[in-house]
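Chemist: Can you keep this structure in mind? I'll have questions shortly.
Read-outs: derived from the displayed coordinates by stated rules, not from any lab. On a predicted model such as this, the values are computed, not experimentally measured, just so you know. Neighbour counts are summed over all protein chains in view; Cβ atoms, including those assigned to glycine, are modelled from backbone coordinates with ideal geometry.
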Amino acid sequence: MAMLAVSAPAASAQFTPREKSVGLKAGYISTNESMAAGLFFQYSILSHLRIAPEIGCVFKHQGMDAFTLDLNLQVPLDIKDDKASLYPLAGLNYSSWNESVPREVLDIMDDVSTRTSRLGLNLGAGFEFHCSHTLKVGIEAKYTFIKHFSGVTVGALIGYSF
């Protein structure tokens, strides 16, 4: 990641240090073949390096749902007149997965569930387009490496930059 930040072209400086973005993200996660939604924040530390924490939830499907926290580093690289950029990302993931067994399966009165919390790693990439100085839209795909819960997340985002 550091090598990408150092070798990024200095001529394209769309992202200025201390630029911030906040927004919504929604998409699909392959771990339980369900929808996921969340909030993101991006803070440009350098012109081509930003920190991007996220908080999200994975909706219940196949008896599983989750709460996720991500802390990613992104390296935005301009690809068209400072309007669009492509960024690789890498970071840490904390997921708390809830697995439930319906009462019909166990023939008992209440649902039985277990919660498993794990740390993992994210690797992926994204593409974003700046519709204006304050509005951006994009897509992102990442793979989360996490024991027993690895999977791909693909999503769309909309954000406000300030």
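Chemist: So what's the net charge close to ILE45: Lys and Arg +1, Asp and Glu -1, counting the other residues with Cβ under 15 Å from its Cβ? Intermediate values should be presented prior to the final figure.
Modeler: Working: positive: ARG18, LYS20, ARG50; negative: GLU19.
Local net charge: +2.
Chemist: First select every other residue whose beta carbon is under 12 angstrom from the beta carbon of GLU19; then total the charges, Lys and Arg +1, Asp and Glu -1. Let's see the in-between values first.
Modeler: Numbers: positive: ARG18, LYS20, ARG50, LYS136; negative: none.
That sum, taken over residues with Cβ under 12 Å, equals +4.
Chemist: For the stretch 113-158, what mean projected area does the convex hull of the alpha carbons give, in nm²? Provide the component values of the computation, followed by the final result.
Modeler: Details: hull surface 17.9 nm².
One quarter of the hull surface, i.e. the mean projection, equals 4.5 nm².
Chemist: Next question. Taking every Cα atom in the stretch 23-162, find the radius of gyration and the maximum pairwise distance Dmax, and write them in Å.
Modeler: 17.0, 62
Chemist: For the stretch 24-84, what number results from the quotient of the Cα radius of gyration and 2.2 N^0.38 Å?
Modeler: Values: Rg = 14.6 Å, N = 61, 2.2 N^0.38 = 10.5 Å.
My calculation over the Cα atoms of the stretch 24-84 gives 1.39.
Chemist: With a sphere of radius 12 Å drawn around the Cβ of ILE55, what net charge do the other residues whose Cβ falls strictly inside it have (Lys, Arg +1; Asp, Glu -1)? Let's see the in-between values first.
Modeler: Working: positive: LYS25; negative: GLU54, ASP70.
It works out to a net charge of -1.
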